[in-house]
Amino acid sequence: MDHARILRTVLGVTAGYLVLLGLWLGWLLPHTPPGTAPYQIIALVGLFGSCCGIGMLLAARPSRADRQLWRHGLEGWVNQLEILIHSY
């Protein structure tokens, strides 16, 4: 598990959430019908949790180089080297 990638993801999602919360408090909340603020807060918290979960799921994936290594393996390099050596 790459803790640095997960930390950057959580910090990025939190920064985006704070921007969204500021826009909601400053612009959207005064224009909403009375009595709907608790539902909007629940939706915002749920959105934050979902974005954190999806972001951490994607951040925990192996790096691109690791995925290519798992897909192709090291034997491809060895086989190409053996072909070059035996061709002479």
(request) Scan region 9-36 for residues that are over 17 Å from residue 53 (Cβ atoms) and surrounded by 13 or more Cβ atoms within 10 Å (Cβ to Cβ) and jot them down. (result) 21, 24, 29
(request) All but one of (1) more than 30 Å from residue 61 (Cα to Cα); (2) surrounded by 10 or more Cβ atoms within 10 Å (Cβ to Cβ) hold for residue 43, so report the exception by its number. (result) (1)
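Bear in mind that the values in this text are calculations on the coordinates, not laboratory data. Bear in mind that the values here come from a model prediction, so they are computed numbers and not experimental data. No Cβ is skipped: glycine too gets one built from the backbone with ideal geometry, and neighbour counts run over all protein chains shown.
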